[in-house]
Structure formats: C-alpha cells, structure tokens
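Novice: Quick one: the structure is below, questions incoming.
The values are calculated or read from the model by the stated rules, or taken from the named source; none is laboratory data. This structure is a prediction, so every number in the text was calculated from the model and none was measured. Please note: Cβ atoms are built from the backbone with ideal geometry, for glycine as well, and neighbour counts cover all protein chains shown.
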C-alpha cells in the first residue's frame, strides 16, 4: 500500500512455534502436552493459523510444494526448510521474531507504566518486549495493542500491585445480571435461536 515499513516483528510467548520457524526454518506443531498455558493466552497456540499463505509465497507460489509440506505436518508433525534456497531468501520478506516469558511480561508492564503512565495487557507486553531487539535508530517502532489490560487483572496486579483501569461502563460488571441459554449441541437449534432473536430486515 506504499507504507514504508522496514520490518514486521512477530512476537510469541513461550509457545514459540513461529519464532522457531523464522529463526531456523523448522515448523514444528506442538503436541497438547508441549503447549504451555501462559499469562498471554491468545498466543497459546500449537499450530499457526493461516501460516500456509506465507509459506505459499515463500515457496514461489507453488501450491504442490506447499501441499507436500503440509502432508509432512500431517504425518511427521513438522517440516524443515532450514538450508533450503527458499529459506535463504526469507529476510527479503521483512519478518523478524522473538519470544518472551512471564517474567519478561511483568517487567515490560512495570516499565511501560513507570516510563509512560500506560498500563498494557500481557499480549501487548510480549510485543513491546520482543520489539526492543529490532529497533533501529531514527525509525519509529509501532506496536499493536491487542487487548484490554482489565481482562488480565491477576497478572496486572502481580506486576503493578493494583488492578488494571477499567473502561467506562465496565465498572462492577461482575455483579450485573447474566443472561444465557443452555441448549444441546445442535446447529439447527442454534440457527433457530438466532433467527428468533435477530429477524431479517425487510426491504
């Protein structure tokens, strides 16, 4: 789109599936026993979503080769492009990567609050921590905030000794009435439930 982006930094937590790939060329799906439950849970992945799209470009848009790689994932749980001609060119795509730990997140939340007066969520802390290794003098580094810190109060309290600020309208949300419906795992019943409550607009 014409935006002069120097590089795209991929931040992961202890579940470093993508960091391992961008550093070594090895894409290894983690078993459930190898997938850690962390304080940045949206990054607790064992298999990267939509990763095939990037590999398709990396492999010269050769669909047959990409399909063969994913057959390796299905049979062996991994593939390794390290040492290949394609992976040797990976830097031209501009991706860099890194991973962080719970301790790194706590330190980053504390430092961001102390230095800037801003409380960030745990996932944003992952991004801020990893991005530090890839900053360039004179080039702004933009980190995309991904969630509200109020959703991760136990970690914010551990880092700062106080609760995260809540957005307006969310005060006392725990004491408000909850509305829900229990139904069998049946798609047709779910469709009926939605249709009854969200009637189609007439032209």
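Novice: Tell me yes or no: at least one residue of the stretch 186-200 is under 26 Å from residue 41 (Cα atoms) and over 17 Å from the mean Cα position of the chain (by Cα).
Specialist: No - not one qualifying residue is present in the stretch 186-200.
Condition check ((1) outside the structural domain of residue 22 (by TED's automatic domain parsing); (2) at pLDDT below 90; (3) surrounded by 12 or more Cβ atoms within 10 Å (Cβ to Cβ)) across all residues:
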position	(1), (2), (3)
110	yes, no, yes
113	yes, no, yes
127	yes, no, yes
140	yes, no, no
159	yes, no, yes
168	yes, yes, no
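Novice: Just to be sure, is residue 62 within 23 Å of residue 132 (Cα to Cα) and at pLDDT 95 or above?
Specialist: no
Novice: Taking helices (runs of 4 or more DSSP H) that fall entirely within the stretch 74-158, which contain at least 3 residues that are touching a strand residue (DSSP E or B) at 6+ places or on another chain (Cβ under 7 Å) and within 27 Å of residue 23 (Cα to Cα)?
Specialist: In the stretch 74-158, the matching helices (runs of 4 or more DSSP H) lie at 122-131.
Novice: Can I ask one more? Select from the stretch 159-177 the residues that are outside any loop (DSSP other than H, G, I, E, B) and within 15 Å of residue 107 (Cα to Cα) and list them in ascending order.
Specialist: Once the filter is applied, which keeps residues that are outside any loop (DSSP other than H, G, I, E, B) and within 15 Å of residue 107 (Cα to Cα), the stretch 159-177 yields 159, 160.
Novice: Next question, about the same structure. Filter the stretch 30-41 for residues that are outside any loop (DSSP other than H, G, I, E, B) and surrounded by 14 or more Cβ atoms within 10 Å (Cβ to Cβ) and give the result.
Specialist: 41 - this is the single residue of the stretch 30-41 that is outside any loop (DSSP other than H, G, I, E, B) and surrounded by 14 or more Cβ atoms within 10 Å (Cβ to Cβ).
Novice: Which is at pLDDT 95 or above and in a strand (DSSP E or B), of 27, 56?
Specialist: Result: 27 is the single residue among 27, 56 that is at pLDDT 95 or above and in a strand (DSSP E or B).
Here's the yes/no breakdown for (1) in contact (Cβ under 8 Å) with a residue 12 or more places away in the chain; (2) within 25 Å of residue 4 (Cα to Cα):
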{"position": "90", "(1), (2)": "yes, yes"}
{"position": "101", "(1), (2)": "yes, no"}
{"position": "104", "(1), (2)": "yes, no"}
{"position": "109", "(1), (2)": "yes, no"}
{"position": "114", "(1), (2)": "no, no"}
{"position": "122", "(1), (2)": "yes, no"}
{"position": "125", "(1), (2)": "yes, yes"}
{"position": "130", "(1), (2)": "yes, yes"}
{"position": "135", "(1), (2)": "no, yes"}
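Novice: If a residue has to be modelled with pLDDT under 95 and not in a strand (DSSP E or B) to count, how many in the stretch 1-15 make the cut?
Specialist: 7
Novice: What number of residues within the stretch 63-79 are surrounded by 13 or more Cβ atoms within 10 Å (Cβ to Cβ) and in contact with a helix residue (DSSP H, G or I) (Cβ under 8 Å, 6 or more places away or on another chain)?
Specialist: 5
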